[in-house]
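Rule-based calculations on the coordinates, nothing more; no lab input. Values in this document were obtained by computation on a predicted structure and should not be read as measured data. Cβ: placed from backbone, ideal geometry, glycine included. Neighbour counts: every protein chain shown.
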Amino acid sequence: MYIENLLRKHTADAVEQLYGVCIEQATVTVSEPPKQFTGDFSIVVFPYAKISRKAPPVVGSEIAQYLQQQIPQIANCQVVQGFINVTFIPNFWVDAFNAIAQTPNYGQQSAKNQTIVLEYCGPNTNKALHLGHIRNMLLGYATTQILRFNGYTVHPVCVYNDRGINICKSMLAWQKLGNNETPTDAGLKGDRLVDKYYVLFAELLKPQTEAVMEANPTITDKKAAEKLTPLMREAEEMLLKWEANDPETRQLWAKMNGWVYEGFEQTYQKLGVAFEKNYYESEMYLLGKKLIQEGLDKGVFVQEPDKSVQIDLTDIGLDKKILLRSNGTSVYITQDLGTAMLRHQDFAMNKMIYVVGNEQEYHFKVLFECIKRLGGTFADGLFHLSYGMVELPDGKMKSREGTTVIADDLITQMIDEAAEQTQSLSKIADFTPTEAQQLFETLGLGALKFFILRVNPKKTILFNPKESIDLHGFTAPFIQYTYTRIRSMFRKYGNEVVAPYTSPTDLAPEERELISVIYHYPKTVIEAGNNYDASVLANYAYQVAKIFNKFYNDCPVLNAADPNTQLFRLHLSQTAARIIQSAMQLLGINMPERM
């Protein structure tokens, strides 16, 4: 970040020298100029028009003149309205590149005395992981890696929603229809088997719900009718038995949850995600109940006449929220309170990030306010990394109707798509079967991860498997192919260690552009970390790959006009590959050596 800091310093000095006003260097805005303008950096001077009582173009011209006097490496300044577009001489970029090439972990930030707990995945143990979970896990893993690269100590954790009415639905359906079926009997992963019975519960519930609504025409709400069915009453009774530690109910619960955990672990391994610590709602809800009692004692919470416990948040524009049901059973927020407090005890974190879909935004507003009113000292460090849903061309997914895209099925589909496209290009004839399968997995999983992560978390994604695997599009395979192109070039060169070169006195436009985009890697890493936005890094990796391909096509490397140019361009190519690989690894995407 040396160049930007240099420009900020001298811009602040210019304002003080020219207009007699001292400003903080950090307030000077320095960025890349819009594509339609020339220049390496753009300085915003609009704020200084008011200070100087001069028009922005005049202020820009005066500050630009000062900068050119103070920084001899500036080739020229172009003033456009309230902006100064600064262009540096080639040697400045050559020196910058030499420094980058000699920095092993370029872009990695120094260690910070800040601890972050990052919760992601958070599945229910009544169904298999699906496409929505994939976005969650990929965001959680990438955010963890990006924050660590930014110097933070990050503890990734998972909380399992392993108790409650939905878990009882799967258990009850298995009791009624399962005939003691096991994953081995069914030939299914454990989570897939339990998911099957969650869907079957919904099928059993449907005719009972219709019967209730037919018998009671005044009941028009489907959910209200469901609560009156015999099946839902059985599920509620099972939940009460579970909370009362009924041995038979607990034994069934432990067995079915065990199947699910084994299945989940297989999917985690396929995606390359992992957690430092797991939390379980079944262990947290009692701690949550204890905190609710403390809130009652403090007058933070209120017990209603029906014995339910609520918090009134109408004073801050929210509603009343139930924290305990009238029958004493807990709700999601009950255990979330207990889990938050326990994590603070476990990690003494400065910040806690919850990676959870945007349909839970209200839930987290309530949770954070409850913790704040209970006196939680860490309440200000709580953050909900909200993300949009993943939709399919034919609409939204619905778990209990069995219309979800199961994570395992999608992973298999992506690997098969990669195999089909790669084989159609006839470029892997010399690969062994094992090498070919590894390549298909690298390309298929890379395509899936990149397609999900290239979109800002807040936006909804329309997932298209075929589009994600396109070798010529805004995709991981395009970036991976660029990387293998560089690796192939070094195999032809015959040596990983490139001899030193004499710095060139001039640069081709393509060389300059490639150095410039590489230079901006640290800034990109910081931006992605500050905004918890992996798409910034995904877009950057694509830009580096695209600019490298332009450089490669227009500037001969191995066939350069002279040995020194060849060596310089080899170093430039090697550094580009290193940056591409680093950025993609932060996204959890592997690079093949050849394809």
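For GLU32 and ILE165, compute 0.36 nm times the residue count separating them, minus their Cα-Cα distance, and round to one decimal in nm. Don't skip to the answer; put the middle values down first.
On the way: separation 133, 0.36 × 133 = 47.88 nm, distance 5.30 nm.
The span from GLU32 to ILE165 would gain 42.6 nm if fully extended.
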Determine the calculated [θ] at 222 nm for the chain from helices alone, applying -39500 (n - 2.57) to every DSSP H run no shorter than 4 residues and normalising by the residue count; nearest 500 deg cm²/dmol.
-> -18500 deg cm²/dmol
From the coordinates shown, Kirkwood radius over Cα pairs in Å corresponds to which of [x] 30.2; [y] 27.7; [z] 25.3 = [y]
Measuring from the longest principal axis of the C-alpha atoms of the chain, the long axis of helix 407-424 (C-alpha) lies at a number of degrees, nearest 10, equal to 40 degrees
Counting only backbone N atoms under 19 Å from a point 7 Å out along Cα-to-Cβ of LYS492, the residues of the stretch 511-535 in range are 511
Set of the stretch 12-41 residues, backbone N closer than 12 Å to the point 7 Å along the Cα-Cβ line of GLN65 | 18
Which length gain, in nm to one decimal place, applies between ASN456 and ASP470 when the Cα-Cα distance is subtracted from 0.36 nm times their residue separation?
-> 3.0 nm
Determine ³J(HN,Hα), in whole Hz, for all residues of the stretch 17-23 in sequence, where each value follows from phi through the Karplus function 6.51 cos²θ - 1.76 cosθ + 1.60 and θ = phi - 60°; x replaces Gly and Pro.
-> 5, 7, 10, x, 10, 8, 10
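Tell me, in nm to one decimal, what length is gained between LYS320 and LYS550 on full extension, where the rule is 0.36 nm per residue of separation less the Cα-Cα distance?
76.9 nm
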Hey, with R₀ at 35 Å, roughly what FRET efficiency would GLN17 and LEU392 work out to, going by the Cβ-Cβ distance, to 0.05?
-> 0.05
Taking amide hydrogens as modeled 1.01 Å from N in the peptide plane, which residues meet the under 5 Å criterion relative to VAL154, leaving out close sequence neighbours?
-> ILE116
With r as the distance between the Cβ atoms of ALA274 and THR153 and R0 = 22 Å, compute the FRET efficiency 1/(1 + (r/R0)^6) and round to 0.05.
-> 0.85
May I ask what percent, to the nearest 5, of DSSP beta bridges between residues of the chain are antiparallel?
-> 50 percent
Rounded to the nearest 10 degrees, what's the angle between the helix 165-177 long axis and the longest principal axis of the chain, both from Cα atoms, 0 to 90?
-> 60 degrees
List every residue whose amide H lies under 5 Å from the amide H of HIS130, counting only residues 5 or more places away in sequence or on a different chain, with H placed 1.01 Å from N in the peptide plane.
-> ALA407
Amide H to amide H, which residues 5 or more places from LEU324 or on other chains are under 5 Å from it, using H placed in the peptide plane?
-> VAL309
Starting from the Cα of ASN245, step 7 Å along the direction of its Cβ; do the same at GLU435; then give the gap between the two resulting points in nm.
-> 6.1 nm
With Cα atoms, 0 to 90° folded angle of helix 90-101 axis to the chain main axis | 40 degrees
At R0 = 22 Å the Cβ-Cβ FRET efficiency linking VAL44 and ASN105, nearest 0.05, sits at 0.10
Within the set LYS169/LYS255; LYS112/LYS449; LYS9/LYS50; LYS189/LYS255; LYS289/LYS321; LYS492/LYS550, which residue pairs have Cα atoms separated by over 22 Å?
-> LYS112/LYS449
